[in-house]
Amino acid sequence: MSNNDNKIKYGLYGSFFKRLLDIIISLLVLICFSWLYLILVILVRVKLGSPVIFKQPRPGKDEKVFNLYKFRTMTDERDAKGELLPDEVRLTNFGKKLRSTSLDELPEFFNILKGDMSFVGPRPLLVKYLPLYNEEQHHRHDVRPGLTGWAQVNGRNLLSWEDKFEKDVYYVRNLSFALDAKIIIMTIKVVLDHSDVNSATDATMEAFTGTPKEKESDQ
């Protein structure tokens, strides 16, 4: 777990205004784009079935676990033994389009409104990764996780895990309104370009198995 004594003390933006902006932005999105949510709910239900919303536990600020919401992008197809088929088999063309346009992440605005997440911050990953982080990597949880972040606009899933975590911690140590504004502008460009969505060998990012000791010494 990250050491509370080593956490950065943020100014007025990080301790107050950032959360206020999250509430305002998430409310505006949920109200102004309610029509889009409705369309996507219908499309996902027809093309992929129910439940429409994919819910999964993720660690948030201070590594407290919350339920992350997304539109589902995969089917529940199983093999003869009842085991789920690989992600790349269950990920449909419709699901790929949702991911490439980031429309699958729209339900996360409910997480932002609730206070589980922020608009900008390190992406919330799987709970099972928590014991695998080294001391430096744990600091990615010193702030609320984000819908978008510094790693997402600098390579996204094309980055190695170590590079991604390094950028996450950079964001934590340099949190500011200017950096958040820069990330939001860069995010718009990434989404419009449909770039850096998947890794080269899987429908989703390969699992994190821990940072080798020799790589830790280089960080």
- Item | Convex hull volume of the chain per residue (C-alpha atoms, cubic angstrom) | 133
- Note on the structure: Here the relative contact order (percent) of segment 1-146, from C-alpha pairs under 8 Å and at least 6 apart, is 29
- Assigned charges on the beta-carbon of Lys, Arg, Asp, Glu; the chain dipole about Cα centre (debye): 780
- May I ask you to give the percent of accessible area on the chain that is carbon plus sulfur, with a probe radius of 1.4 Å? 60
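How many Å² of accessible area per residue for the chain, probe 1.4 Å? Provide the component values of the computation, followed by the final result.
Numbers: 11840 Å² over 219 residues.
Each residue of the chain exposes 54 Å² on average to a 1.4 Å probe.
Can you give the helix-only mean residue ellipticity at 222 nm for the chain, where every DSSP H stretch with n ≥ 4 adds -39500 (n - 2.57) and the sum goes over all residues, rounded to the nearest 500 deg cm²/dmol?
Working: 8 runs with 83 residues, N = 219.
The per-residue figure over the chain is -11500 deg cm²/dmol.
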- Mean projected area, convex hull of alpha-carbon positions in segment 79-190, reported to one decimal in nm², is 8.7
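Given the Cα-Cα distance of residue 53 and residue 34 and 0.36 nm per residue of separation, how much length would full extension add, in nm? Walk me through the intermediate numbers first.
Values: separation 19, 0.36 × 19 = 6.84 nm, distance 1.53 nm.
That pair, residue 53 and residue 34, stretches by 5.3 nm at full extension.
The values are calculated or read from the model by the stated rules, or taken from the named source; none is laboratory data. Computed from a predicted structure; not experimentally measured. Every residue, glycine among them, receives a Cβ derived from its backbone with ideal geometry; neighbour counts consider all protein chains shown. Accessible surface is based on the protein model in full, side chains and every heavy atom, while ligands, DNA and RNA are left aside. Shrake-Rupley method; radii C 1.70, N 1.55, O 1.52, S 1.80 Å.
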